[in-house]
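Worksheet for the structure shown next.
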Amino acid sequence: MENIIDIREYDVPYHCRVSIDLKFNVGKWYAVRGRTTNQVPSITRRDDLLERPDAIVMAFDIETTKLPLKFPDASSDQIMMISYMIDGQGFLITNREIVSEDIEDFEYTPKPEYEGPFIVFNEPDEPSLIRKFIDHILEVKPHVISTYNGDSFDWPFVEARAGFHGIDLYRETGFKKDSMGEYKSRPIAHLDCFKWVKRDSYLPVGSQNLKAVAKAKLRYDPVELDPEEMCRMANEQPQVLATYSVSDSVATYYLYMKYVDPFIFALCTIIPLEPDEVLRKGSGTLCEALLMVQAYHANIIYPNKHDTVLNKLSEDGHVMDSETYVGGHVEAIESGVFRSDIPMKFRLQKRGIQELLDNAERTLKFSVETEEGIPLDQVENFDEVLSDIKEKLTDLRDNLLREENPILYHLDPPALVDEATCAACDFNKPRNRCQRKMPWMWRGELMSANRPEFVRIQQQLEGEMFPPDKFNPNGPPRAFYQLTRDEKAAAEKKRLTEYCRKSYKKVHFTRLEKRVSTVCQRENSFYVDTVRAFRDRRYEFKGLTKVWNKKLAEAKTSGDAGEIKKAGNMAVLYDSLQLAHKCILNSFYGYVMRKGARWYSMEMAGIVCHTGANIIKRAREITECIGRPLELDTDGIWAALPSSFPENYTIKSTHPKKPKVTISYPGAMLNIMVKDLFTNDQYNDLADANQHKYSIRSENSIFFEVDGPYLAMILPASKEEGKKLKKRYAVFNPDGSLAELKGFEIKRRGELQLVKKFQSSVFQAFLKGGTIQEVYASAATVADYWIDVLYSKAANMPEAELFELISENRSMSRKLDDYGSQKSTSISTAKRLAEFLGDQMVKDAGLSCRFIISKKPEGAPVTERAIPLAIFQCEVSLRKHYLRKWLKAPGLQDFDIRNILDWEYYLERLGGCIQKIITIPAALQGVSNPVPRIAHPDWLHKKMLEKNDVYKQRKITDIFSFKPKSAPMEENEENAFPDNELKNAADVTDIEDINSRKLANPSTSSVTVTKKRPREENSSHGENASWREQLGPVPSMEDVKAWVAYQKKKWAIQLEARRQLRKRRKLEESGGGDSLTTFTKPSLSSRSLTGFMQHTAHSILNTPWQILQVRTTRYESAFVMTKFVWFI
């Protein structure tokens, strides 16, 4: 046993192990041949069979009774109805104990493609209802049962009510709750659509209920009913309740059939897990399962799951509260409305456009040959396209100040080792070029206390006693050494936090470090190969989706029902496969930082983000030269380019598969930049596995994709001076449809409905009008409408709509007791709900708090003026009692909601949103306030005055331009200094140049006036040559002795140069010697601050001062001297 140093792959689940080793996947066809009793059957995959079988699918939903203003309780409430669909046929079972009359068969078809014929079973009581439901499941034997949030509500409620009546759900159907709280059965897959919506639908959190999902995905408005009205309707309007009940099962069934079923079973074909797990596991777990498959087939042993080091110490002894990496670069640059049909001003940069012009031919060649894979000799119109690009770029270069319509684009864009690993590696030789150094930014939250203080706290804890184990609450107290590893770390962190708060007045501080990690270029590349293979396979499936969509269109034209069904199934299959691959691809990056990941690597994530940020920053620099960048995101840049900028070109070729391809010049110019600056030129491929020989090549798989052009982009502004709102924008397609909406309140769960409704209507208003003034006037019309609603106190609005408009909804993630003395509107609402509904309402986490803000008590903070919306739905006497108590108005007689609300609070909330979306962006775009009732913030007036000031100081970059780079000092010593004196002077100041700063050549040639014929150059090379020429290159710092000896020789040469310089100056002052009277511009770089300061210092020290004035001051011995110095 002492020879065992580690154990691997011990924690792989058995069914996952079998699936990986034998290549078994759900969703594939297999040929199974039975053998004798003692032999394993033969199971062979049939990859030639692709079309899926028609599984029996059942989707169900239940409706229950409930007490007013309370959640359904399975111990006392009953099931009123169970509605379900099986293969397109609907069924409804009613409980006649609660439903007042029999329901006849009916049809609920919200759209022609979503048919819903329903057969109704009217059962006398709840036990009969449950028995009918179970018997139908046993009769049909569905392969899949689908629900919406069935794990949390439907199955637990059915199980509890069945048990109440003596029916064992597990014995009858095989369904029971596992350790994860999920209901599963061995013969039937339970696929909860809500899990798919949360992970894979990309819908915002606030739009994940079934009604919102039906609107977004199925494109129809489902039946909606107030839960408080359902019990009353069961008695008074049972048919309406029945329609509502079946609407949920119809929505669940068709949501599953259209999205969930093809998606999940497409993932199952590549993930070695069962459908229930593929649906419920996180995307990181799916990504890891896939990597395990690829690693196994590449003969790689899996690493163990990453184990976080608790209370890790930094090098200087501080406990790390957390550590991570600096993410991608995000920046909001502009605010306002930008439309492709409204002109905007551009100030282009000549230098950048000239660079594009110089590289135009190389850029076009790269795009054709590398990106499209077409040999240049097969292109027919290369010169024609190149000529057009150059012509447009030349016009842009010659006319830098332009005002024209913009085109709005969105430009989108390994194994780590340490020194010990490299030291033990057989390939660790410089000639192998297998170590690629890559930088990244590390960020850590460090505790303020140092190492000795932390040790003292640990010693204190070792002498204390702690409560018993939670599994043995009545046991004896435990000593510190008896605590678990996590409990020890938590106790240390808690005590250290208290100490830092008292002693340092702050718990922790943030530290940023630039780190460099080594990426081994000869490590097994299965991770990169997996990502690349998935990317290529997704592109293949996207292509096949298009092929089968064409075949489907042809089949519909011919009217062949068999072909229509086959083509439709194949189109859905390939579309689902490409979406499944997209899901996995999007998870590879996030997976490496997931807790417990086998292939955990903070360095990998940091390098990816740092490299991506540098690419985006460089893309921004290019975009600033040719247009206006609007917003920088982690994975792309939004920009407005002049309409005259080269855009899309069709390349005609004799290539058999690509006779015509369209290339985007904006994307091509960025891709050539990425190739030049970010290509990995030391990518190692294993050429000979037996001889361990590698070939080195250049690798670059980063390419910009161009999305657009778009019709409009709306960017909000911050209400605070100097701040920008990142990741918030609305983008519209040319047809006026919304392409992307990011970061606004309309997408958030629980936000004020007033704000959501304003935003839902205001963005479309930005598409109206022909000028920027008309655009803002159109948006102001929407704002004025909602302001009028608030000023009129919603006089013409029904009370139910008013409650919906001004209520806010917050969910409490913890139990009420866990919040302690904290204050918030949600906590106040929860406490008040407990007052009149009972403490059982707040005993669990996840309480939904809907509230409004009242104007009383006067002067109280907003957190104390939150009134639960439920109080307005209870009986009148109870409502009056609690409203008087909470409003602190014992004599209150007017209980009209309009006189209770704090209208100023809601006006402020709406006004803030209007400022960010309309008024402040309008001011920044030179438009007067379109909503005068919403005043500008004070800082904005000052900013506008500065912006419109005709005497505004210009930027220095607007006056001066860069000079092309010249050769470095070391290579052009004689050219850099036209005079030996200045050459030696530069040597004298070399101590400021210790980092070998490269100096540029002078921008103008020196003017020399010779009084005497210069003497012949001294034959001694050492007198005039610089120390670099005499001594050669500087030795490495690793050889300290050689480096010190070199420096001593250099210092001796510099000392002699200073002596010669002083001697020469003395001769000039006395009029003797061969002197040169020179007016020479020093050859120091004036483009940097250091060069400017050295230039100034040189002029002050070596140029005569012209005294203009000497005047006295109030001090006898002090004078003020005005002088003039030539700076040359």
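Selection of first residues in the stretch 668-682 that are in the same structural domain as GLU372 (by TED's automatic domain parsing) and of second residues that are among the basic types (Lys, Arg) and modelled with pLDDT of 85 or more, restricted to Cβ pairs under 7 Å at least 6 apart or on distinct chains, gives the following pairs, ordered by first then second residue: ILE672/ARG362; MET673/ARG618; LEU677/ARG618. Determine if the stretch 10-24 includes at least one residue that is of a type in the set (Phe, Trp, Tyr), surrounded by 13 or more Cβ atoms within 10 Å (Cβ to Cβ) and assigned by TED's automatic domain parsing to the domain that holds ILE137. The answer is no, given that none of the residues of the stretch 10-24 is of a type in the set (Phe, Trp, Tyr), surrounded by 13 or more Cβ atoms within 10 Å (Cβ to Cβ) and assigned by TED's automatic domain parsing to the domain that holds ILE137.
Residues in the stretch 283-302 that are loosely packed, with under 14 Cβ neighbours inside 10 Å and in contact with a Lys or Arg (Cβ under 7 Å, 6 or more places away or on another chain): ILE301 only. For the stretch 171-211, a residue qualifies if it is of a type in the set (Lys, Arg), surrounded by 14 or more Cβ atoms within 10 Å (Cβ to Cβ) and touching a Gly at 6+ places or on another chain (Cβ under 9 Å), and the qualifying residues are LYS184, ARG199. The single residue among ASP154, ASP168, ASP125 that is of a type in the set (D, E, K, R), at pLDDT below 95 and crowded, with 18+ Cβ neighbours inside 10 Å turns out to be ASP154.
Filtering the stretch 231-287 to residues that are closer than 30 Å to TRP599 by Cα and of a type in the set (Phe, Trp, Tyr) leaves PHE263, PHE265.
The residue of the stretch 513-539 that is surrounded by the most Cβ atoms within 10 Å (Cβ to Cβ), among those that are out of contact with any Cys (no Cβ under 8 Å at 6 or more places or on another chain) and over 26 Å from LEU286 (Cβ atoms), is SER517. Sub-8 Å Cβ pairs linking a first residue in the stretch 301-313 that is on the phi > 0 side of the Ramachandran plot and outside the structural domain of PHE509 (by TED's automatic domain parsing) to a second residue that is of a type in the set (A, V, I, L, M) and surrounded by 10 or more Cβ atoms within 10 Å (Cβ to Cβ), at least 6 apart or interchain, are ASN311/VAL319; ASN311/MET320; ASN311/ALA489, ordered by first then second residue. When the criteria are applied in full, SER828 fails the requirement of being buried (at least 18 other Cβ atoms within 10 Å of the Cβ), of a type in the set (Ser, Thr, Tyr), within 39 Å of the chain's Cα centre (by Cα) and within 15 Å of LEU752 (Cα to Cα).
Conditions (1) at pLDDT 90 or above; (2) over 22 Å from LEU725 (Cα atoms), marked per residue:
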site	(1), (2)
ALA605	no, yes
ILE616	no, no
ALA619	no, no
ASP635	no, no
ALA640	yes, no
THR654	no, yes
ASP676	no, yes
GLN682	no, yes
ASP688	no, yes
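Going residue by residue through the stretch 528-550, is there one that turns out to be assigned to a helix (DSSP H, G or I), among the small types (Gly, Ala, Ser), within 30 Å of GLU288 (Cα to Cα) and modelled with pLDDT of 85 or more? No, there is no match, as no residue in the stretch 528-550 is assigned to a helix (DSSP H, G or I), among the small types (Gly, Ala, Ser), within 30 Å of GLU288 (Cα to Cα) and modelled with pLDDT of 85 or more.
Looking at VAL250, VAL205, VAL223, just one residue is at pLDDT 90 or above, over 30 Å from LEU22 (Cα atoms) and in the same structural domain as GLU113 (by TED's automatic domain parsing), and that residue is VAL250. Here is a check on your reading of the model: is ALA923 within 24 Å of ALA860 (Cα to Cα) and surrounded by 16 or more Cβ atoms within 10 Å (Cβ to Cβ)? Judged against the criteria, ALA923 is not a match.
Counting the residues of the stretch 185-220 that are in contact with a Pro (Cβ under 8 Å, 6 or more places away or on another chain) and among the charged types (D, E, K, R) gives 2. Has the stretch 736-753 got any residue that is modelled with pLDDT of 85 or more, assigned to a loop (DSSP other than H, G, I, E, B) and farther than 25 Å from LYS198 by Cα? Yes: one or more hits.
Any idea which residue in the stretch 128-146 is farthest from the chain's Cα centre (by Cα), counting only those that are buried (at least 19 other Cβ atoms within 10 Å of the Cβ), of a type in the set (A, V, I, L, M) and assigned to a helix (DSSP H, G or I)? Step by step, filter the stretch 128-146, then rank; the result is LEU129. Note on the stretch 888-942: residues that are part of a helix (DSSP H, G or I) and of a type outside the set (S, T, N, Q) amount to 28. Tell me, please, whether a residue that is in contact with a strand residue (DSSP E or B) (Cβ under 9 Å, 6 or more places away or on another chain) and farther than 24 Å from PRO110 by Cα can be found in the stretch 190-202. The answer is yes; a qualifying residue exists.
Each row is one residue, and each column tells you yes or no for (1) in a helix (DSSP H, G or I); (2) buried (at least 19 other Cβ atoms within 10 Å of the Cβ).
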{"site": "VAL337", "(1), (2)": "no, yes"}
{"site": "ILE342", "(1), (2)": "no, no"}
{"site": "LYS345", "(1), (2)": "no, no"}
{"site": "GLU361", "(1), (2)": "yes, no"}
{"site": "LYS365", "(1), (2)": "yes, no"}
{"site": "ASP388", "(1), (2)": "yes, no"}
{"site": "GLU391", "(1), (2)": "yes, no"}
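The single condition from (1) touching a helix residue (DSSP H, G or I) at 6+ places or on another chain (Cβ under 7 Å); (2) surrounded by fewer than 19 Cβ atoms within 10 Å (Cβ to Cβ) that LEU279 fails is (2). Against the list (1) surrounded by 11 or more Cβ atoms within 10 Å (Cβ to Cβ); (2) more than 37 Å from the chain's Cα centre (by Cα), the condition ASP54 fails is (1). Looking across VAL246, VAL213, VAL240, VAL260, one residue alone is closer than 20 Å to PRO72 by Cα and of a type in the set (Val, Ile, Thr). It is VAL246.
The values are calculated or read from the model by the stated rules, or taken from the named source; none is laboratory data. Everything numeric in this text was worked out from a predicted model, so none of it was measured. Glycine also receives a Cβ, built like all others from the backbone with ideal geometry; neighbour counts cover every protein chain displayed.
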